[in-house]
1. Taking Cα pairs under 8 Å and at least six residues apart, what relative contact order does the chain come out at, in percent?
2. More than 23 angstrom separation, counting every C-alpha pair in the stretch 15-153; what % is that?
3. Quick one: putting +1 on the C-beta of Lys and Arg, -1 on the C-beta of Asp and Glu, what dipole do you get for the chain around its Cα centre, in Debye to the nearest 20?
4. Which chymotrypsin sites (Phe, Trp or Tyr not before Pro) from the stretch 349-432 combine a DSSP loop assignment with at most 15 other Cβ atoms within 10 Å?
5. Within the stretch 43-135, report the chymotrypsin sites (Phe, Trp or Tyr not before Pro) that DSSP leaves as loop and that have at most 15 other Cβ atoms within 10 Å.
6. Please give the calculated 222 nm ellipticity per residue for the chain, where each DSSP H segment of at least 4 residues contributes -39500 (n - 2.57) and the sum is spread over every residue; nearest 500 deg cm²/dmol?
7. How far is helix 186-200 tilted, in degrees, relative to the longest principal axis of the Cα atoms in the chain, given as a value from 0 to 90 rounded to the nearest 10?
8. Please give the per residue accessible area of the stretch 1-110, computed with a probe of 1.4 Å over protein heavy atoms only, in Å².
Amino acid sequence: MDVALVQYINRLCRHLAITPARLHPHEVYLDPSDAADPRVACLLNVPVESLRLRFALLQSLNNTLESFFLPLVELRQTHTYQNSIAALLCEAKGLIFYDTKVTVMNRVLNATVQQTADHAAPEITLDPLEIVGGEIRSSENTYFCQAARQLSCVPSSQLCVKLASGGDSTYAFNIRFTGEEVHGTSGSFRHFLWQVCKELQSSALSLLLPCPSASANRNKGKSILTPCPISYAEEQLLHFFGQLLGIAIRADVPLPLDLLGSFWKGLVGEPLDPEQDLQEADVLTYNYVKKFENFNESELEALCAEISSQHHSGESPESPSRPCCTFTYYTMTGEEVELCQGGRSFTVSWENKDVYARAVKSLRLRELQNLECMTAVRAGLGSIIPLQLLTMLSPLEIELRTCGLPYINLKFLKAHTMYQVGLMETDQHIEFFWTALEMFTQEELCKFIKFACNQERIPFTCPCRDGGPDTAHVPPYPMKIAPPDGAAGQSDSRYIRVETCMFMVKLPQYTSLDVMLEKLRYAIHYREDPLSG
């Protein structure tokens, strides 16, 4: 119940844009809409006074952990000594608020900065013509592989920069595009990360595999690490993938990656749930295993006949006309493998059907764990951020820290917008602008953010929420709205321009909401990949 309360407080504070330390216990209440969330179901019958008192206790605990206790704990002992304070903290991490963990994590990241002002950031050169038209002729032409080749000789210490805070970020490396004059570094860097995420989740690279459950209309669009033996070159690419995760955390640029929960479990070192994770990743195999676990003896032949039609079996050696199932199964990459030595000659019978079901489940779980690939990713991530920090985070929290929220909170964005050169929020065309965005779908809002600052997702937290000065804004905040350049021509005939490095939208004074909608939709659909300048 404490863990459920902490998860609820995390979501409530995210909605209110404050930290749990600033939330008064009297502001804690359960709304009827929360009843639909199974994670808080155990709290629904608890008197609200008890909830508030329990929150006050957890709030006090977290304040002490953040200000005094956590900085003194040696987290590297988490998996070494079972009864160490670090190990006990790992067991109790569900009692620690997300903001408490991130605050401590940020302190450590700022204390481990190695790229200093005395050393210029590494620079790489990318050739956009290699991927012109969106068609990548080979994986070597991708931005991902171009960057991996050029950064392979750069010491990882030079990629450890201070956290994003105030104005423009300090990025791990600068990017120059061949044949393009781009002013500033932020827009180019954010565009690079966006393009790389597209490449990783496409057929251009073989590092990630679409979730098998997608064939059953479940977890569509999500990916997992491709489960197969890797070459040295692929290991280096996975290492670079891990580095990019750490670089994005330090830059506070949420990556538009949709990875299955089993990936994040592997990243933080949590064991997989044999039932839930298998069902999430491959619901067809999950149902297949359940059939073997639950059928009766008379149904075995019918099931073997069904499997035979799906190319999972052959004929019984004793009865050539009788269909049978052997100890083989298909991997996620489509290769038929033996589940035990000589499995193709072993027939599944009533006596060994449970052994067969366990073997199929074990194959899938090994593929999901994918220790060889995950080790390479963790090694890359560990070269940018201390891996012991992950022991405090849950899989959902490390995903949140790395990829942010997959939707745009328009209210939060509006609260972190500045108006320049005499513009005011009450100006008619500014009101048209926000009304138009409120009419957008989430897909259109993501495209607008991509148009305005070259990233699809934006950080959902900001230091200024706790009363800090504007200079403490995490980039790309605040969004800025300014008049267009020059004064020539009718307003309704002009187009919206942006400076992505500054997250600045140069907005003409359109005379109606219809014109505003038309120009915004034109901008986000026809200028999908803008660079500043």
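The values are calculated or read from the model by the stated rules, or taken from the named source; none is laboratory data. Source: prediction; values computed, not measured. No Cβ is skipped: glycine too gets one built from the backbone with ideal geometry, and neighbour counts run over all protein chains shown. For the accessible areas, the whole protein counts, side chains as well, though only heavy atoms, and no ligand, DNA or RNA atoms are used. Shrake-Rupley method; radii C 1.70, N 1.55, O 1.52, S 1.80 Å.
1. Working: 799 pairs, mean separation 84.3, N = 533.
After rounding, I find 16 percent.
2. Working: 5889 of 9591 pairs.
Beyond 23 Å sits 61 percent of the P(r) for the stretch 15-153.
3. 1000 debye
4. On the way: sites: TRP350, TYR356, TYR407, PHE412, TYR419, PHE432; in loops: TRP350, TYR407.
Sites meeting the loop and neighbour criteria: TRP350, TYR407.
5. Details: sites: PHE55, PHE68, PHE69, TYR81, PHE97, TYR98; in loops: TYR81, PHE97.
Sparse-neighbourhood loop chymotrypsin sites (Phe, Trp or Tyr not before Pro): TYR81.
6. Numbers: 18 runs with 214 residues, N = 533.
It lands at -12500 deg cm²/dmol.
7. Result, in degrees: 20.
8. Details: 6120 Å² over 110 residues.
With all protein chains present, the stretch 1-110 gives 56 Å² per residue.
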